[in-house]
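Trainee: Let me begin by handing over the structure; questions about it come next.
No value in this document is a laboratory result; all are computed from the given coordinates. Keep in mind the model is a prediction, meaning the values are calculated, not measured. Glycine gets a Cβ as well: all are built from the backbone with ideal geometry, and neighbour counts include every protein chain shown.
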Amino acid sequence: MSRYYEADGVTKTLLTQVREERFEGLEGAKIKLIMSLKPKIDTLRGAMVFASIKTTNEVEKYLTEQESGYDYFVFINSLVWDLANEKDRKRILSHELRHCFIDEKGNYKVVRHDIEDFYVEVQLNKDDPMWGQALSTISMAKYEQMKEEEKANK
């Protein structure tokens, strides 16, 4: 069984909504949402990684050309996604799209954070500045519980 699977229609629709609301410059970018069953932990911060984004290389574009040849892959931690409410899901997608940049030649690139998050995202989430920490804490607890259950079932 693969650790990856394609995001469902609801998640894809949510990406479209976030893109239309906040990222009009990305309307032409082809983005594939991929769910990951393997939780990723940022050991430096001791926090769950919610999602990540990467530009596709030539081989990946070729392998996905029947699906339109994607410019970006967004990998979403399925454990976090399942625990997140709709508002937090939009925050996760918005954060990942902040990484997108199109250079003067029309090439798709990924940019780093300007702070631990993006300043714009901090401002957009000022009504609930601790949302990420709360979701990470819940996700880490669930992950530890799953590991303990798996150990007990062996």
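Trainee: Under a crude label model (7 Å from the Cα following the beta-carbon direction), how far is Asp127 from Lys12 in nanometres?
Mentor: 2.9
Trainee: Against the longest alpha carbon principal axis of the chain, how many degrees, from 0 to 90 and to the nearest 10, is the axis of helix 86-98 turned?
Mentor: The answer is roughly 50 degrees.
Trainee: Quick one: length gained pulling Glu148 to Asn107 fully straight, 0.36 nm per residue minus the C-alpha distance?
Mentor: Working: separation 41, 0.36 × 41 = 14.76 nm, distance 4.51 nm.
My answer for the length gained is 10.2 nm.
Trainee: Another question, if that's okay. Cross-chain or 8 or more residues apart, Cα under 28 Å: how many lysine pairs in the range 31-121 fit that? Count them up, please.
Mentor: Going through the range 31-121 pair by pair, I get 26.
Trainee: In the neighborhood of Arg3, defined by Cβ-to-Cβ distances under 12 Å, what is the net charge if each Lys or Arg adds +1 and each Asp or Glu adds -1?
Mentor: Values: positive: Lys38, Lys40; negative: none.
Net local charge, Arg3 excluded: +2.
Trainee: Under a Cβ-Cβ cut-off of 11 Å, what is the net charge of the residues other than Phe75 that fall near it, where Lys and Arg count +1 and Asp and Glu count -1? If you can, show how the numbers build up before the last one.
Mentor: Numbers: positive: Arg3, Lys32, Lys38, Lys40, Lys54; negative: Glu96.
Summing Lys and Arg as +1 and Asp and Glu as -1 gives +4.
Trainee: Please work out whether the range 54-115 counts as rounded, prolate or oblate from its C-alpha gyration tensor, where a ≥ b ≥ c are the square roots of the eigenvalues and a/c under 1.5 means rounded, while otherwise a/b larger than b/c means prolate and anything else oblate?
Mentor: Details: a/c = 2.80, a/b = 1.42, b/c = 1.97.
Taking the square roots of the gyration eigenvalues as a ≥ b ≥ c, the range 54-115 is oblate.
Trainee: Taking Cα atoms, how many degrees apart are the long axis of helix 9-22 and the longest axis of the chain, rounded to 10 and kept between 0 and 90?
Mentor: The angle comes out near 60 degrees.
Trainee: Give me the percent of DSSP beta bridges within the chain that run antiparallel, rounded to the nearest 5. All intermediate terms of the calculation are to be shown ahead of the outcome.
Mentor: Numbers: 13 of 19 bridges.
That works out to approximately 70 percent antiparallel.
Trainee: So how much slack lies between Ala134 and Lys61, counting 0.36 nm per residue of separation and subtracting their Cα-Cα distance, in nm? Can you show the working numbers first?
Mentor: Values: separation 73, 0.36 × 73 = 26.28 nm, distance 3.61 nm.
Gain in length upon complete extension: 22.7 nm.
Trainee: Same structure again: Return the label of the correct value of percent of Cα pairs over 28 Å apart, as calculated from the structure shown, out of (i) 22; (ii) 33; (iii) 16.
Mentor: (i)
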